[in-house]
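Peer 1: Let me give you the structure first, and then I'll get to my questions.
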Amino acid sequence: MNVVEASGLGKRYGRAWALRECTLEIPAGRVAALVGPNGAGKTTLLNLAVGLAVPSAGAVTVLGGRRAGSPAALDAIAFVAQDTPLYKSLSVADMIYVTRSLNRRFDQPYAKARLDELGIPAKRKAGKLSGGQQAQLALTLALARRPRLLVLDEPVAMLDPVARHDFMGTVLAAASADGVSVLLSSHVLTELERVAGYLILLARGQVRLAGEVDDLLAAHGQPSLEELAMAYLRESPSAVTR
C-alpha cells in the first residue's frame, strides 16, 4: 500500500505554480523525507496530501486510495505544521482536553504518560514551554490520535541540536514500535540521515528524485544523503543546512 499517491499533481497561486506535474508513490511503513530549497513546493505538497489545499491540476490520494481531505483520510492522518500550532494561553492539560474533544480517537493515557516522561508539567501554559517542549507537546498530541500517517512540516527548524535529536528519536520510535508511516519535510539533512528510509527531492515545484534512500545512494554513487541532495540542489545550496 502507498500512503501517498500523486498523479500530475499541481497547485497554482495566481499565475505562479507552487507545485507542478508531481507524480509519485510513497510506500507505507517508511519514514519518508521531503527535501528541497525554500520555495520548492514542500509545504504545498504536504498541504495537498492532508487536504488543507485543493489541487489546481491532477490528483492526490492517501492511505491506499482515500481522497485527500476526506473524512476517512483525516481520521487516520495527524499533521504538525511548521509553526508547531498550539494555543499558547492554554495549559498542557487543557491542550490534551481540547485535542481529545476534537478527535474521535485519542489515547489520553498515552499522552499523559509521555509528557510525564519528558518532564513537561501539565499545569504550565504551552506558551511558557521551551521550543523543544512545545515541539514535543505538538508531536505527542499528534501521536495520541493513533494515526496511520504522521505528516510533519519542518518540525525541527527552530530547535537546537539536542532538541532536534530528541524529537527525531521520538518520530523514529513511533514508526518502529507502532508502525506509523511518516512523511516529513526538513532542511536539516544530518537529522534526516538518521531516520529516513525514503527520499523525495523537490526543486522549483517539481519532483527531481524519489526512491528508497539506500537504492538512490547506490545508483548515484553518493556516500550520504546530504551529498546526494546537494548534487541535485546546487542552484540553492544555502537552503539545505547541516
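Taken together, the values in this text are just the output of simple stated rules run on the coordinates, not laboratory data. What you are looking at is a predicted structure, and each value in this text was computed from that prediction instead of being measured. Positions of Cβ are generated from backbone atoms using ideal geometry, with glycine treated the same way; all protein chains shown enter the neighbour counts.
Peer 1: Take every DSSP beta bridge whose two residues both sit in the chain, then give the antiparallel share in percent to the nearest 5.
Peer 2: 55
Peer 1: Another question about this same structure. Can you tell me what the convex hull of the Cα atoms of segment 86-145 projects to on average, as an area in nm²?
Peer 2: Projected over every direction and averaged, the Cα hull of segment 86-145 covers 3.3 nm².
Peer 1: In debye, nearest 20: dipole of segment 140-242 around its Cα centre with unit charges on the Cβ of K, R (+) and D, E (-)?
Peer 2: Here segment 140-242 has a charge dipole of around 280 debye.
Peer 1: Treating only the Cα positions of the chain as identical point scatterers, give the base-10 log of I(q)/I(0) from the Debye formula at each q in 0.10 Å⁻¹.
Peer 2: -0.46
Peer 1: Helix-derived [θ] at 222 nm for the chain: sum -39500 (n - 2.57) over DSSP H runs of at least 4, divide by residue count, nearest 500?
Peer 2: Per the formula, -11000 deg cm²/dmol.
Peer 1: Give me the Debye-computed log₁₀ of I(q)/I(0) at q = 0.13, 0.17 Å⁻¹ for segment 17-104, equal point scatterers on Cα only, no solvent, two decimals.
Peer 2: These q points yield log10 I(q)/I(0) values of -0.55, -0.87.
Peer 1: Separate question: Quote the Stokes-Einstein diffusion coefficient, in whole µm² s⁻¹, for segment 85-194, based on the Kirkwood radius over alpha carbon pairs, a temperature of 25 °C and a viscosity of 0.890 mPa s.
Peer 2: Rounded, D is 173 µm²/s.
Peer 1: Restrict the search to segment 88-193; then list the trypsin sites (Lys or Arg not before Pro) that DSSP places in a loop and that have at most 10 other Cβ atoms within 10 Å of their Cβ.
Peer 2: For trypsin sites (Lys or Arg not before Pro) across segment 88-193 that sit outside H, G, I, E and B with at most 10 neighbouring Cβ atoms in 10 Å, the list reads Arg104, Lys123.
Peer 1: Debye sum, Cα scatterers, segment 166-235, no solvent: what log₁₀ I/I(0) at q = 0.16, 0.17, 0.22 1/Å?
Peer 2: Each listed q corresponds, in turn, to -0.58, -0.65, -1.02.
Peer 1: Using alpha carbons only, how many angstrom separate the centre of segment 45-92 from the centre of segment 113-181?
Peer 2: Using only Cα atoms, the two centres lie 18 Å from each other.
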